[in-house]
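Each remark here refers to the structure printed beneath this line.
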Amino acid sequence: MLFKVGVLVLLCGFAASFQYEGYKVYNIQPRTSLEADFLHEISNQPGFDGLHVSRLLDRPAQIMVAPEQQGDFESLLLQRGMTYEITVPDVAQKLEEDGITSQSFRTRGARIGFTAFYRHSAINDYLDELASSYSKYVSVETVGQSYEGRTMKVIRITNGDGNPNKKVIFVDAGIHAREWIAPAGALYIINQLVENRAANADLLKNFDWVVLPVVNPDGYEYTHTSSRMWRKTRSKGKSCYGTDGNRNFDYYWGYTGASSSECSDTYMGTKAFSEVETQVVRSILQSLKGKGVFYLTLHSYGNYILYPWGWTSNLPDTYKDLDEVASAGASAIKSATGGKFTYGSSTRVLYAAAGGSDDYAFAMAGFPISITMELQGSGFDPKPAQIQGYVQEAWVGIKAMVTKVDAKYA
Ligand code: ARG
Ligand code: ZN
């Protein structure tokens with residue numbers, strides 16, 4: 001028995017790249033919105049994975065395609081007169097070369113760093129350590145268990161003034177397993193608000209912060225141990241695993257931009273909130289109803305600051321408020337680092353995709369400001385040396401957005 005476990009662990013190590021043998025990444029520059037829509041639509045189908053797709057036509061789409069679909073895909077493109085470039089001829093080989101840049105261990109009690117990606121248990125340890133070292137400001141609460149039984153924890157950060165009536169900012173990250181920079185970004189927020197408290201006092205004066213750094217711990221761990229490009233949860237279906245958490249929320253669930261096919265990377269699930277992880281986010285959002293003013297969900301990649309709607313190209317009545325906040329974030333980043341973040345309604349800027357947590361928080365939990373931020377990264381695997389810069393850049397934008405939210409809603 002023990003022997004078998006050992007063998008399994010070994011096999012898992014190899015599986016990381018083995019799963020993508022023969023997969024290719026295509027770079028395709030759409031010239032019209034018709035072409036962009038075609039790329040978006042095809043990327044919701046099994047065997048296709050839209051790593052980056054946008055309606056704005058200002059950047060090429062990046063689509064990963066399974067070996068069985070490549071022939072058809074290439075002829076479809078040719079038929080339409082669309083040209084493509086293959087940027088990664090074999091994803092498995094690329095993953096092999098890059099190596100997995102995770103850090104499994106973090107010495108308990110050591111300072112958190114931003115030169116490695118932490119495993120889920122290390123992230124939970126960090127939260128617990130902050131709660132015990134900074135008990136006046138910080139508390140940690142278990143909010144649920146993932147499908148595979150991992151403990152999901154949120155950290156609540158205050159300035160310790162004991163005011164129970166403050167408005168609340170809720171941040172989550174890592175609903176998509178492979179977007180490792182997103183949980184790193186959440187950790188940086190936590191680190192700054194707690195361990196660099198004095199410098200950030202303004203951000204805590206009128207707000208308490210609640211942060212769930214890893215929404216999808218099963219998927220996150222799976223990308224560390226077995227399959228680097230995994231996106232979905234790990235719930236077991238009839239023939240495939242996983243649901244796209246960001247297509248699983250109950251607001252226009254399944255209406256557009258999601259797949260009803262289990263094996264698709266944008267599978268919407270058997271029903272809205274079929275996943276325990278999205279149920280956890282729902283309860284947090286609902287528990288904050290009336291107090292929650294800013295919901296921020298971190299993703300990667302592409303440098304976007306997105307607001308509702310994700311299900312329609314119409315804009316919400318209050319879109320000017322959303323736009324002001326998003327624009328403040330983008331321009332703060334621009335002046336700090338020169339980094340260019342595109343902002344706008346997520347349907348107009350990226351593509352229509354219903355069932356997202358941002359639309360749900362905005363429409364169903366009363367958050368007046370709801371933002372999806374796609375951090376920087378030209379792929380899902382920023383080099384460890386890039387982590388710090390990317391999360392700092394995001395933090396500049398987030399601080400500016402919070403300052404706007406403060407002026408409007410505190
Ligand atoms: N890249 C993100 C996703 O596909 C964008 C989500 C934007 N929000 C939305 N409701 N569509 O999940
Ligand atoms: Zn994402």
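The values are calculated or read from the model by the stated rules, or taken from the named source; none is laboratory data. Quick caveat, the model's predicted, so the values are computed rather than measured. Using ideal geometry, Cβ is built from the backbone for each residue, glycine included, and neighbour counts are taken over all protein chains shown.
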Exercise for the section: Filter the range 146-178 down to residues that are out of contact with any Lys or Arg (no Cβ under 8 Å at 6 or more places or on another chain) and within 16 Å of ligand 2 (Cβ to nearest atom) and give me whichever is farthest from Tyr301 (Cα to Cα). Expected result: Val171
Exercise for the section: Sort through Asp202, Asp218, Asp208, Asp172 and tell me the only one that's in a strand (DSSP E or B) and either among the aliphatic types (A, V, I, L, M) or away from ligand 1 (no atom under 14 Å from the Cβ) (or both). Expected result: Asp208
Practice task
Scan the range 206-224 and give yes if some residue there is of a type in the set (D, E, K, R) and under 18 Å from Asp381 (Cα atoms), otherwise no.
Solution key: yes
Exercise for the section: Would you be able to say whether some residue in the range 127-139 is modelled with pLDDT of 95 or more, among the charged types (D, E, K, R) and surrounded by fewer than 13 Cβ atoms within 10 Å (Cβ to Cβ)? Expected result: yes
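Scan the range 267-287 and tell me whether some residue there is in contact with a His (Cβ under 6 Å, 6 or more places away or on another chain) and either more than 11 Å from ligand 1 (Cβ to nearest atom) or part of a loop (DSSP other than H, G, I, E, B) (or both).
In the first step, residues of the range 267-287 are kept if they are in contact with a His (Cβ under 6 Å, 6 or more places away or on another chain); the result is none.
Scanning the range 267-287 turns up no residue that is in contact with a His (Cβ under 6 Å, 6 or more places away or on another chain) and either more than 11 Å from ligand 1 (Cβ to nearest atom) or part of a loop (DSSP other than H, G, I, E, B) (or both).
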Practice task
Filter the range 229-272 down to the residues that are of a type in the set (Lys, Arg) and under 15 Å from the mean Cα position of the chain (by Cα), then identify the one that is nearest to Glu374 (Cα to Cα).
Solution key: Arg231
Exercise for the section: Return yes or no: is Gln79 closer than 22 Å to Met229 by Cβ and out of contact with any Asp or Glu (no Cβ under 9 Å at 6 or more places or on another chain)? Expected result: no
Practice task
Kindly establish whether Tyr301 is more than 15 Å from ligand 2 (Cβ to nearest atom) and closer than 27 Å to Val65 by Cα.
Solution key: no
Problem - Test: residue in the range 340-360 that is of a type in the set (Ser, Thr, Tyr) and part of a loop (DSSP other than H, G, I, E, B) - result: yes
Fill in the blank from the handout: Scanning the range 224-250 for residues that are more than 16 Å from ligand 1 (Cβ to nearest atom), outside any strand (DSSP E or B) and within 20 Å of Gln145 (Cα to Cα) gives His224, Thr225, Arg234, Ser235, Gly237
Exercise for the section: Please work out which residue is surrounded by the most Cβ atoms within 10 Å (Cβ to Cβ), limiting yourself to the range 156-210 and to residues that are touching a residue at least 12 places away in the same chain (Cβ under 8 Å) and on the phi > 0 side of the Ramachandran plot. Expected result: Gly174
Exercise for the section: Test Ala272 against the stated conditions and say whether it is touching a helix residue (DSSP H, G or I) at 6+ places or on another chain (Cβ under 9 Å), within 14 Å of ligand 2 (Cβ to nearest atom) and on the phi < 0 side of the Ramachandran plot. Expected result: no
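So that you can scan it fast, the table gives a plain yes or no per residue for (1) within 16 Å of ligand 1 (Cβ to nearest atom); (2) in a strand (DSSP E or B):
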| residue | (1), (2) |
| --- | --- |
| Tyr295 | yes, yes |
| Gly302 | yes, no |
| Leu306 | yes, yes |
| Trp309 | yes, no |
| Thr312 | yes, no |
| Leu315 | yes, no |
| Glu324 | no, no |
| Gly329 | yes, no |
